[in-house]
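Visitor: Let me give you the structure first, and then I'll get to my questions.
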Amino acid sequence: MELVDVTVYYLEMLSPSRQSVPSPRDGLAVLHVKAPSVPYYRFLYKAVGEDYRWHSRRDLSDDDLASIIHHPANEVYVLHVDGSPAGFADLNRRQPDDIEMVQFGLFGDFIGQGLGKWFLQWIVDEAWSYKPKRFWLHTCSLDHPAALPNYEKAGFAEYKTEEIRREA
């Protein structure tokens, strides 16, 4: 097992951002997948996260993953472009007044088209529709280079950074 040094960035938003992000193209739809099957969730997770070494949910058993993604306070949203999945977001609303964006990203073929900025704003607006006190996430130095700047442009502010060693 290879270990790598990683910087983890924790970001939060304490009030809704007031941005309007125009749709970068026609044919966009975001679907709330209320009870995704474990294979479908694994497909989304791998399609977005494999290049960035996501593993936290990859390594869960099917039963453990199902207990998370089928929880009523867990929400999975899938971005579609002309009917094809292009990315997803996973929100955890289990804590009162606090929403965590656990996963967010695009499939590789859809990066660089302005879709991430638009989809992120869509998710921000959806999260704030629940009127939390805080919307937060963490990302790391293994993620796409545009991830941290996009989160900051969307209105998230860094509140903690840590250096860790983790499995590559």
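Visitor: Hey, any hits in region 39-53 for a residue that's over 17 Å from the mean Cα position of the chain (by Cα) and modelled with pLDDT of 95 or more? It would help to see each step written out before you state the result.
Guide: Filtering region 39-53 down to residues over 17 Å from the mean Cα position of the chain (by Cα) leaves 39.
If we keep only those that are modelled with pLDDT of 95 or more too, we end up with 39.
Yes, region 39-53 has at least one match.
Visitor: Here is a list of conditions, (1) under 15 Å from Tyr9 (Cβ atoms); (2) touching a residue at least 60 places away in the same chain (Cβ under 8 Å), and Asp125 meets all of them except one; can you say which number that is?
Guide: Here Asp125 meets the rest and fails (1).
Visitor: Next question. Within region 5-13, is even one residue charged (D, E, K, R), touching a strand residue (DSSP E or B) at 6+ places or on another chain (Cβ under 7 Å) and either surrounded by fewer than 18 Cβ atoms within 10 Å (Cβ to Cβ) or assigned to a strand (DSSP E or B) (or both)?
Guide: Initially, region 5-13 is screened for residues charged (D, E, K, R), giving 5, 12.
Retained after the next criterion (residues that are touching a strand residue (DSSP E or B) at 6+ places or on another chain (Cβ under 7 Å)): 5, 12.
Cutting the leftovers down to either surrounded by fewer than 18 Cβ atoms within 10 Å (Cβ to Cβ) or assigned to a strand (DSSP E or B) (or both) gives us 5, 12.
Checked against the condition, which is being charged (D, E, K, R), touching a strand residue (DSSP E or B) at 6+ places or on another chain (Cβ under 7 Å) and either surrounded by fewer than 18 Cβ atoms within 10 Å (Cβ to Cβ) or assigned to a strand (DSSP E or B) (or both), region 5-13 yields at least one hit.
Visitor: Can you tell me which residue among Asp64, Asp26 is surrounded by fewer than 16 Cβ atoms within 10 Å (Cβ to Cβ), farther than 25 Å from Gly112 by Cα and free of Cβ contacts under 8 Å to residues at least 24 places away in the same chain?
Guide: Working: Asp26 fails: farther than 25 Å from Gly112 by Cα.
Of Asp64, Asp26, the one residue that is surrounded by fewer than 16 Cβ atoms within 10 Å (Cβ to Cβ), farther than 25 Å from Gly112 by Cα and free of Cβ contacts under 8 Å to residues at least 24 places away in the same chain is Asp64.
Visitor: When only residues in region 14-38 that are part of a loop (DSSP other than H, G, I, E, B) and in contact with a Phe, Trp or Tyr (Cβ under 7 Å, 6 or more places away or on another chain) count, which is nearest to Pro72 (Cα to Cα)? I'd like the intermediate steps shown before the answer.
Guide: Narrowing region 14-38 to residues part of a loop (DSSP other than H, G, I, E, B): 14-27, 34-37.
Subset that is in contact with a Phe, Trp or Tyr (Cβ under 7 Å, 6 or more places away or on another chain): 16, 21, 23-24.
Details: Pro16: 23, Val21: 29, Ser23: 29, Pro24: 32 Å.
Among them, the one singled out is Pro16.
Visitor: Another question about this same structure. Out of the residues in region 87-109 that are more than 22 Å from Pro36 (Cα to Cα) and touching a residue at least 24 places away in the same chain (Cβ under 8 Å), state the one that is surrounded by the fewest Cβ atoms within 10 Å (Cβ to Cβ). Walk me through how you get there before you give the answer.
Guide: If we filter region 87-109 for residues that are more than 22 Å from Pro36 (Cα to Cα), which is where we start, we get 96-98, 109.
After this cut, where a residue has to be touching a residue at least 24 places away in the same chain (Cβ under 8 Å) as well, the list is 97-98.
On the way: Asp97: 10, Asp98: 14.
My answer is Asp97.
Residue-by-condition table, conditions (1) among the aromatic types (Phe, Trp, Tyr); (2) at pLDDT below 95:
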{"site": "Ile99", "(1), (2)": "no, no"}
{"site": "Phe119", "(1), (2)": "yes, no"}
{"site": "Ile123", "(1), (2)": "no, no"}
{"site": "Lys131", "(1), (2)": "no, no"}
{"site": "Phe135", "(1), (2)": "yes, no"}
{"site": "Asp143", "(1), (2)": "no, yes"}
{"site": "Ala146", "(1), (2)": "no, yes"}
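Visitor: Between a residue in region 41-56 that is closer than 21 Å to Met1 by Cβ and any residue that is among the charged types (D, E, K, R) and not in a helix (DSSP H, G or I), which pairs come within a Cβ distance under 7 Å, given they are 6 or more apart or on different chains?
Guide: Tyr45/Arg57; Tyr45/Arg58; Tyr52/Asp143; His55/Glu167
Visitor: In addition: Give just the number: which of (1) within 28 Å of Ala35 (Cβ to Cβ); (2) in a strand (DSSP E or B); (3) in contact (Cβ under 8 Å) with a residue 24 or more places away in the chain; (4) acidic (Asp, Glu) does Glu162 not satisfy?
Guide: (1)
Visitor: Identify, please: which residue in region 113-144 is in contact with a Ser or Thr (Cβ under 8 Å, 6 or more places away or on another chain) and not in a helix (DSSP H, G or I) and is, among those, nearest to Leu31 (Cα to Cα)?
Guide: Checked region 113-144; the qualifying residue nearest to Leu31 (Cα to Cα) is Cys140.
Visitor: Which count do you get for residues in region 39-97 that are assigned to a loop (DSSP other than H, G, I, E, B), closer than 16 Å to Phe110 by Cα and either acidic (Asp, Glu) or in contact with a Gly (Cβ under 6 Å, 6 or more places away or on another chain) (or both)? Steps first, please.
Guide: Residues of region 39-97 that are assigned to a loop (DSSP other than H, G, I, E, B), as a first pass: 53-61, 70-73, 82-83, 96-97.
Now drop any that are not closer than 16 Å to Phe110 by Cα, which leaves 82-83.
Among the residues that remain, those that are also either acidic (Asp, Glu) or in contact with a Gly (Cβ under 6 Å, 6 or more places away or on another chain) (or both) are: 82.
Counting residues in region 39-97 that are assigned to a loop (DSSP other than H, G, I, E, B), closer than 16 Å to Phe110 by Cα and either acidic (Asp, Glu) or in contact with a Gly (Cβ under 6 Å, 6 or more places away or on another chain) (or both) gives 1.
The values are calculated or read from the model by the stated rules, or taken from the named source; none is laboratory data. Computed from a predicted structure; not experimentally measured. Quick reminder, even Gly has a Cβ in these numbers, built from the backbone with ideal geometry, and neighbours come from all protein chains shown.
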